[in-house]
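Engineer: This structure is in structure tokens; I'll ask about it shortly.
Just so it is clear, none of the values below were taken in a lab; they were calculated from the coordinates. The structure presented is a predicted model; accordingly, all values stated were derived computationally and were not measured. All Cβ positions, even for glycine, are placed from backbone atoms using ideal geometry, and neighbour counts span all protein chains on display.
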Amino acid sequence: MANLSRRHVLKGLGTAGFASSLGTMTSMGLNNAWAADTSGYKAMVCIFLKGGMDGADTILPYDQASYNQLASVRSALFGTYNATAGTSTRNRANLLQLNLDNAGEFGTRQFAMPQELSPLHSMFESGDLAVVGNVGPLIEPTTRAQMDNGSAVLPKRLFSHNDQQSTWMSFGVEGVNRGWGGRFMDRVVASAPNQNRVFSAIATSSNDVFLAGETVNQFKVGSNINEPELYSNRNLLGFNNGDDAARDKIRAFLAKREFNSRSIFEQDVAGSTAKAVENTEQFATAQENATPFTTVFGGDSVSRQLQNVAETIKIRQFLNVSRQMFYVSTGGYDTHDNQANRLGGLHGALAAGISSFRDAMMEIGEWNNVIVFTASDFGRTTIDNGNGTDHGWGGHQFVAGGAVQGKRLYGEVPFADVDSDSYTRSRGRLIPTTSVEQYAATMGNWFGLDTAELNTSLPNLNNFNTPDLGILGGPTT
Amino acid sequence: MRAISKYGVAATLAACLVVSGCGAGGGGEGDAGSVVPGAVGAAVDPTSKIDTETDAVQFLTWSTFGGSKSEIAAITGQDAADWLASEFAKPATLTLPTLAAQPRDSNANIESNRVDELYWDHIITADDQVRQRMAFALSQIVVYSDAADNDQLMRGYYQDILIRNALGNYRELLDEVTYSPAMAEWLTYMRNRKGDPNTGRMPDENYAREILQLFSIGLVDLNLDGTPRLDAQGQQIETYSNDDIIGLARVFTGLAHAGGNFNRRPDDGDIQQLEMYPEQHSELEKVFLGTTIPAGTGGEESIRIALDTIFEHPNVAPFVSRQLIQRFTQSNPTPAYIENVATAFESGRFTAQNGRVFGEGTRGDLQATLAAVLLEPTLFDDPAANGTITTGKVREPVLRFTHWARAFGVSNVNAGNERDLDDTRSSESGLGQQPFSSPSVFNFYRPGFIAPGTNSGNASLTVPEFQISNEGSAVGYLNFMTDFAFDRTSKRDRDDRTYQPNYTDELSLVDDPQALVDHLDTLLTAGRMSAEEKTDIVDILGTIELRTSTPENTADDQEDVVQTAVTLVLNSPSYTVVW
């Protein structure tokens, strides 16, 4: 089930797209500094795993020596998994080995996923999924020696949930109001005048900073798009002649953006209610064209949200978009305790959700045009606290899609030698070796942004020698 | 109090709220003394005197779950300080007794969702409204959520810790919270063991980090007025390092359920304070925030020293004060306002403009602190006659719902019969908010949230509530409120007319849409509706057809008019915001 042929087709489309975007540039005149390739259709789907996913319990060492080392550092946690029992998911014999296409880069080291991630393991093996090891927020390449002597320039408020979520999404602590998902879409909208801005950035759960741009804001989709009952349900006021007229006026009232309010907050409320009414109607109209998928999604939160994403992609032609950025979020990864009983369920839902999403995209022929990637507050301490783990820094993430050069491990998954230079001075917190901005740039490059646009969106990218990790075939320009 | 002078014209002649008491003339001649006409654009009364019904609604909107008509009548003519003192004197209404008395199934469990349902009934009907509102505000600072563990009695016990201490002292509150089973489960220090050098195991750092970041001092050093302190290089100064967390984490070891067995929870373990098990408590030296607890210090003593150390940090007053102001009155308080409240927290005293003194003089006194929040002199100044108003706040969806329920005196308050109140978290079909059920310890929204793509955001104004109240939730909120306002919610027993609003006063105004809208403007927005909002709603109400074929049809359509009027006001910008 390798996707080589599909990827080949995709690259062909990319070339054609480049030509057409040149045409757009010419027609827009020389003053247009932006040149994002917006041909064809592409979507990025961010799955934010809130709480901080424990990388060391997601990508495990598989060669005996590395496995033993981790089991020793985490003897209490492995004890809660009964790791020596034959049936334990953390027994080495039950781990699912990753057969890397780039195994040569790692010498004798081998890696595995736990059984709960089995659907992702299958996707990895078939080339639809890659792992990016030890990625996290960085201002510049950072070593422990630099941290010890105080010369390191570090992201602010490491180990704090809200601030590191914000930093992953926006490169600043809580309060920054532009995320890189939104910034990418700002560039797309600037380059594609016909792109519908409203449906460019779509969230399925919380209102976080990732999708906030200068011109782009998130649109929320859920399982039901309900229209306002007050005027769309004729049972409320009744069926008299005057009631239809009243309903029209009620709609106009709710869709009114401006009431000459002097309060700036009231102005914002009027604006958001009005946009909600208009956008909901527009989306509901597009949704009338929706047909169900054969693929059945699970009932958990990630699966339901990814189903909402898939359904939105399926009606994209009615939404008038050539690029879309999606934001899915799910919680529970802050496994300070009871990790052995909690992480497996979270992993299982994540893996099933991504796998179903892949099936749905295959169904409509869009799998080559979408990438799904994970993000999380931080990795966790390699040294456990008995039955859980605490806040760390670098962690491991997944990137999936037909265009992904899968079956490969990018970046590093350091040994569990917690006294080594790979870790901070306490509790085995990994110092990232790949920055979030490299991770983002790699996908942005595939998405169609050019170097200047990437540097505008990713403020520290120039501090890193390798702005593209090669996950999606490397630089195309 | 103050004249609302949005258009250079003081809003004064609001219709008398209890229409039956107004005489045949309706709004034209209010009860003597209920309305004090003010000069155009001028201060009516610079003190906290509640002169009019409009003043009363404004003050009750800040300080309670929404003013009922009887409360509005009762406080009009009083000084807000005097009324607040009488509220502070009321006995606490607790939640656990009612919860514990619920019927049990064969496993002795209470029917699911009861704790959520009862909390709605509780905050709508409890007489000690200010205390309950303060407890709800505190629930958004020392956040416990049942998102991870829905043990209902454990949550009820925690709710009561907040209710009992809401008008007490913040130091005592931190103590009870620390020893509560709910917080210990939520922030994972239940049965947290000391480190083990053999396995490398270290204490759980969760509570150590969050009690500092969220419950007490925050991330950067603050001045008394809430502005960040800066070092010689002009940089903000972080309050703690990761080493402080490692040191403090040793303090919160050894706690587990009472009953003598570290690993066993007795039947009533969730409604008792935790017990310290010395053999599981770290004997190591504990260093944090400049304090050293010597090696070998016992667990309870270590916690006492740690909480004292945290509580004595100069950040606590401005950190807690700013967030309380945000919960009650303003999203972006001035430094002077924060300093006034923080000073009351520090000194344990606050003197109102009428000379009434609040607080016992002990640092952390929450009566003094809350009085300073609600009686801040600048709140009673007239808003500027011209220009954009950037003070005030967006009201939480929970408060917008309870205000409706209280303003229209809903009868048969039994949320157990209301399916819509089982779980109000959905932004598509609910309020996007449910008390004690935030998604994480970071509450429903962050104190520093700035909404992208908005006028307020472009002006760098903080609006926490916009994190849950926005384009993505507006239609869900509208539909939720429509169902209640129209008395058409889904009920378990359809014949049991729970949460039924009383629109008698409003129906008496139905022939005069302008009078009806003026009345709702006073009752629900404290006279803050813009002329344009009112004109539009009056026009809509006049358009709804009143059938005359039978008296029943006419009455039915008149009810539609009132319900539509109420729903539109509940969804108007001026109801959503208070300033």
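Engineer: As I understand it, the dipole of chain B uses +1 on the Cβ of Lys and Arg and -1 on the Cβ of Asp and Glu, about the Cα centre. Which of B:ALA295, B:ALA101, B:LEU421 lies farthest toward its positive end?
Structural biologist: B:ALA295
Engineer: For the protein assembly as shown, what does -39500 (n - 2.57) per DSSP helix run (n ≥ 4), summed and divided by total residues, give at 222 nm, in deg cm²/dmol to the nearest 500?
Structural biologist: After summing the helix terms and dividing by residue count, I get -11500 deg cm²/dmol.
Engineer: Then there's this: Pull up the cross-link candidates among the aspartates and glutamates for B:LYS491, meaning alpha carbon to alpha carbon under 17 Å and not fewer than 8 places away within one chain.
Structural biologist: B:GLU111, B:ASP116, B:GLU117, B:ASP121, B:GLU418, B:ASP420, B:ASP422, B:ASP423, B:ASP483
Engineer: Report the FRET efficiency, 1/(1 + (r/R0)^6), for B:ARG104 and A:GLU288, where r is their Cβ-Cβ distance and R0 is 41 Å, rounded to 0.05.
Structural biologist: The computed FRET efficiency comes out at 0.25.
Engineer: For A:LEU98, list long-range residues whose amide hydrogen, built 1.01 Å from N in the peptide plane, is under 5 Å from its own amide hydrogen.
Structural biologist: Residues meeting the amide H criterion: A:PHE111, A:ALA112, A:MET113.
Engineer: Now for a different question. Rounding to the nearest 10 and keeping the result within 0 to 90°, find how far the Cα-based axis of helix A:264-287 lies from the longest principal axis of chain A.
Structural biologist: 90 degrees
Engineer: Within chain A, what is the longest stretch that has no GluC sites (Glu not before Pro) placed in a DSSP loop and near at most 14 other beta-carbon atoms within 10 Å?
Structural biologist: A:1-257
Engineer: Follow-up question, since we're still on this one. Segment B:88-190: which GluC sites (Glu not before Pro) are DSSP loop and have at most 13 other beta-carbon atoms within 10 angstrom?
Structural biologist: Loop-located and lightly packed - B:GLU111.
Engineer: If each residue's Cβ is checked for other Cβ atoms within 10 Å, how do A:LEU154, B:LEU255 rank with the fewest at the top?
Structural biologist: Arranged by neighbour count, lowest to highest, A:LEU154, B:LEU255 become A:LEU154, B:LEU255.
Engineer: Continuing with this model, one more query. Under 5 Å between amide H atoms, partner at least 5 residues away or on a different chain: which partners does A:ARG380 have, H built in plane at 1.01 Å?
Structural biologist: The answer is A:GLY55, A:ALA56, A:GLY392, A:TRP393.
Engineer: What list of ³J(HN,Hα) couplings, whole Hz, do you get for segment A:110-118 from phi and the Karplus terms 6.51, -1.76, 1.60, once you set θ to phi - 60° and write x for glycine and proline?
Structural biologist: With the stated coefficients, segment A:110-118 comes to 10, 9, 8, 10, x, 4, 4, 8, 3 Hz.
Engineer: What full-extension length gain, to one decimal in nm, is calculated for B:GLU552 and B:ASP512 as 0.36 nm per residue of separation minus the Cα-Cα distance?
Structural biologist: Here the segment from B:GLU552 to B:ASP512 would lengthen by 12.4 nm.
Engineer: Once phi is turned into θ = phi - 60°, what whole-Hz ³J(HN,Hα) does the Karplus curve with 6.51, -1.76 and 1.60 give for every residue of segment A:131-145, x standing for Gly and Pro?
Structural biologist: 10, 10, x, 6, 9, x, x, 9, 8, 7, x, 10, 10, 5, 4
Engineer: Calculate one ³J(HN,Hα) per residue across segment B:490-495 by plugging θ = phi - 60° into the Karplus curve 6.51 cos²θ - 1.76 cosθ + 1.60, and present them in order as whole Hz with x for glycine and proline.
Structural biologist: Along segment B:490-495, the couplings run 7, 10, 5, 9, 5, 7 Hz.
Engineer: I need the calculated FRET efficiency for the pair B:GLU559 and A:ALA252, taking r as the beta carbon distance and R₀ as 22 Å, to the nearest 0.05.
Structural biologist: E between B:GLU559 and A:ALA252, to the nearest 0.05, is 0.45.
Engineer: Pairs B:LYS90/B:LYS393; A:LYS220/A:LYS256; A:LYS314/B:LYS393; A:LYS50/A:LYS256; A:LYS50/B:LYS90: which exceed 31 Å Cα-Cα?
Structural biologist: From the list (B:LYS90/B:LYS393; A:LYS220/A:LYS256; A:LYS314/B:LYS393; A:LYS50/A:LYS256; A:LYS50/B:LYS90), the Cα-Cα distance tops 31 Å for A:LYS314/B:LYS393; A:LYS50/A:LYS256; A:LYS50/B:LYS90.
Engineer: Could you tell me what percent of the DSSP beta bridges with both partners in the protein assembly as shown are antiparallel, to the nearest 5?
Structural biologist: 55 percent
Engineer: Using a Debye calculation, one point per C-alpha and no hydration shell, please list log10 I(q)/I(0) for the protein assembly as shown at q = 0.05, 0.10 Å⁻¹ in order.
Structural biologist: -0.32, -1.31
Engineer: Can you give me the long-range amide H partners of A:ALA43? Hydrogens built in the peptide plane at 1.01 Å from N, cutoff under 5 Å, separation of 5 or more residues or another chain.
Structural biologist: Under 5 Å from the amide H of A:ALA43: A:GLN324, A:VAL370, A:ILE371.
Engineer: Okay, moving on. Antiparallel as a % of all DSSP beta bridges within chain A, to the nearest 5?
Structural biologist: Expressed as a percentage, antiparallel bridges in chain A total about 35.
Engineer: Got a sec? Charge dipole of segment A:309-443, +1 on Cβ for Lys and Arg, -1 for Asp and Glu; which of A:PRO432, A:ALA403, A:PHE373 is way out at the positive end?
Structural biologist: Result: A:ALA403.
Engineer: For the protein assembly as shown, what is the charge dipole size about the Cα centre, in debye to the nearest 20, if Lys and Arg each add +1 at the Cβ and Asp and Glu each add -1 at the Cβ?
Structural biologist: So the magnitude is around 2660 debye.
Engineer: Something else: Based on the alpha-carbon gyration tensor of segment A:156-221, what equivalent-ellipsoid semi-axes (square roots of 5 times the eigenvalues) come out, in whole Å, largest first?
Structural biologist: 24, 13, 7
Engineer: Full extension from B:GLU238 to B:ARG264: what is 0.36 nm times the residue separation minus their Cα-Cα distance, to one decimal in nm?
Structural biologist: Full-extension gain reported as 5.4 nm.
Engineer: Which FRET efficiency, nearest 0.05, do B:ARG229 and A:LEU154 yield, Cβ-Cβ r, R0 22 Å?
Structural biologist: Approximately 0.60, to the nearest 0.05.
Engineer: Using only the Cα atoms of chain A, what are the Rg and Dmax in Å?
Structural biologist: Looking at chain A, its Cα Rg and Dmax stand at 23.5, 81 Å.
Engineer: Report, to the nearest 10°, how far helix A:241-254 tilts away from the longest principal axis of the Cα atoms in chain A, using its own Cα long axis and a range of 0 to 90°.
Structural biologist: 50 degrees
Engineer: Neighbour counts of other C-beta atoms within 10 Å: give me A:ARG197, A:ARG144 arranged from fewest to most.
Structural biologist: A:ARG144, A:ARG197
Engineer: Rank these for me by crowding, A:TYR423, B:TYR189, going from fewest to most other beta carbons within 10 Å.
Structural biologist: A:TYR423, B:TYR189
Engineer: Report, to the nearest 10°, how far helix A:436-447 tilts away from the longest principal axis of the Cα atoms in chain A, using its own Cα long axis and a range of 0 to 90°.
Structural biologist: It is inclined by approximately 50 degrees.
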